[in-house]
Amino acid sequence: MRKDKPSRTALKVALVIVTLGAKPGMGTLLPPGIAQASQDVLLASGAVGPRTIRWAATRQAVSVYEAFDWMLPGQFEAFAHRKAFFERQVREGIAAGATQILVLGAGYDTLGWRLAPEFAEVRFFEIDHPATARLKSKGIACLGKRKNLCLIAEDLGKRRLVDVLRESASWNQNARTVILAEGLVMYLLPEAVASLFRQCAEMVSEGSRFAFSYIPTGVDGRLDAGRWTRLMLWLQTVVGEPWTWSVRPEELDLFLKSVGWEQAPELEGASGKQGVEFYAVAAK
Ligand SMILES: C[S@@+](CC[C@H](N)C(=O)[O-])C[C@H]1O[C@@H](n2cnc3c(N)ncnc32)[C@H](O)[C@@H]1O
C-alpha cells in the first residue's frame, strides 16, 4: 500500500458507514451512534471536508452504493453487518471478562472512541499506519481524547507487533483481550498474516479472542470475490492497497491451529459471510 498517504480503503469504509446511516432500516443493524461518530471523526481529522460528508449522508449516495451492488451483491449492507459483528464480539468479550481491546488496522473506525467511556475499566488500543493513525489522532484530539484509548501509529509491516505493544506502558500481556482485525488480513502477505496471529497469541492471556474478516480462496485456488473478482483485484491494486491473502473456510481451523489459535464457531455470531467477506472468531 502507499505508506506515506492515509489509507483510501479506510476512508471508504468510514464514508460507507456515514451513507448507511442515511439508509432506511439500518438503525436496527448499525451499532448506535456509529454513523454520527464516523462523520465527526472524518471531519475533525480533516480526512474529508464538510461537502463530502454532507453528500455521503444523502439518499442519493445510498442509491449510488446500491447501484454498485450488481458487482458485489450485498456488499453495501455488508459493512453494517461487519461493524455490528465486531462490536458484538467486543461487548461479548467484555461481558466474558476481557479487560483489553486491540484494534489492528483501525483506520477511521470509531469503536474505541465510542466504547471507551462506556467501559472505563477496559483499555482500548488501536494500531494503524502512521499516515492514517496520525490523521485520526488529530481528529480524536479535537473531539475529546479518551483516557483509556491509546492510538498507536506503526507500520506492522516494518515493526513487529510484540515490540510495539511491549513499548506501550499500559499494555498487559496477562490480560484477557479481544483483538479485532476488520478488513485487514487480506491486505497482508501470507507470511505477515501467520506472523501477526502468532504474535497476537504471544501477547494475550488464555481466554482471549481474535475476531477477523477475510476473503475466501475459491475452488481455483485464487482469492474469490465473486463474479467480478478480477475487476475487484485490479481496482484494489489501482488504489494501492492490493488484496494478497485469502484462505479456504474449510481450512481456516487448520491455519489457526498452526498459528496458536483455535477456531471458535461456538461463540454466538462467530462465523458467516456477508458480501465478499467471511467473519470468524479464534480463541486462545
Ligand atoms: C480496509 S481498511 C479497514 C479499516 C478499519 N478496520 C475498518 O474496517 O473501518 C484497512 C486498514 O488497515 C491498515 N493497514 C494495512 N496494512 C497495515 C500495516 N502493515 N500496518 C498498520 N496498518 C495497516 C490501513 O492503513 C487501513 O487503515
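The values are calculated or read from the model by the stated rules, or taken from the named source; none is laboratory data. These numbers were taken from a predicted model, which means no experiment stands behind them. Glycine gets a Cβ as well: all are built from the backbone with ideal geometry, and neighbour counts include every protein chain shown. Each accessible area value is taken on the protein alone, full model and side chains, heavy atoms only, with ligands, DNA and RNA left out. Shrake-Rupley method; radii C 1.70, N 1.55, O 1.52, S 1.80 Å.
Can you list the equivalent-ellipsoid semi-axes of the range 154-252, largest first and in whole Å, using the square root of 5 times each Cα gyration tensor eigenvalue?
29, 16, 10
Quick check: from the Cα gyration tensor, does the chain come out rounded (a/c under 1.5), prolate or oblate?
Verdict is rounded for the chain.
Report for the chain the percent antiparallel among DSSP-assigned beta bridges with both residues inside it, nearest 5.
40
When the Debye formula is applied to the Cα atoms of the range 1-91, each taken as the same point scatterer, what base-10 log of I(q)/I(0) results at q = 0.10, 0.12, 0.19, 0.25 Å⁻¹?
Log10 of I(q)/I(0), two decimals: -0.25, -0.37, -0.91, -1.35.
Only four residue types carry charge here, +1 at the Cβ of Lys and Arg and -1 at the Cβ of Asp and Glu. Report the dipole size of the range 162-211 about the Cα centre in Debye, rounded to the nearest 20.
Dipole about the Cα centre, nearest 20: 140 debye.
Would you mind putting 198-206, 232-240 in packing order, based on average other-beta-carbon counts within 10 Å, highest first?
Top of the packing list down: 198-206, 232-240.
Could you give the Stokes-Einstein D for the range 122-184 in µm² per second, using the C-alpha Kirkwood radius, 4 °C, 1.567 mPa s?
102
Would you mind working out the accessible area per residue for the range 23-136, using a 1.4 Å probe, and quoting it in Å²?
Per residue, the range 23-136 has 40 Å² of solvent-accessible surface.
Leaving ligands, DNA and RNA out of it, report the carbon-plus-sulfur percent of the accessible area of the range 185-225 at a 1.4 Å probe.
Roughly 56 percent, rounded to a whole number.
In whole angstrom, how far apart do the alpha carbon centroids of the range 130-169 and the range 18-61 sit?
23
Give me P(r) over the range 72-158, computed from all C-alpha to C-alpha distances, binned every 10 Å, as integer percentages.
16, 45, 32, 7, 0
Taking only DSSP H segments of four or more residues, each worth -39500 (n - 2.57), what value at 222 nm results for the chain once the sum is divided by all its residues, to the nearest 500 deg cm²/dmol?
-12500 deg cm²/dmol
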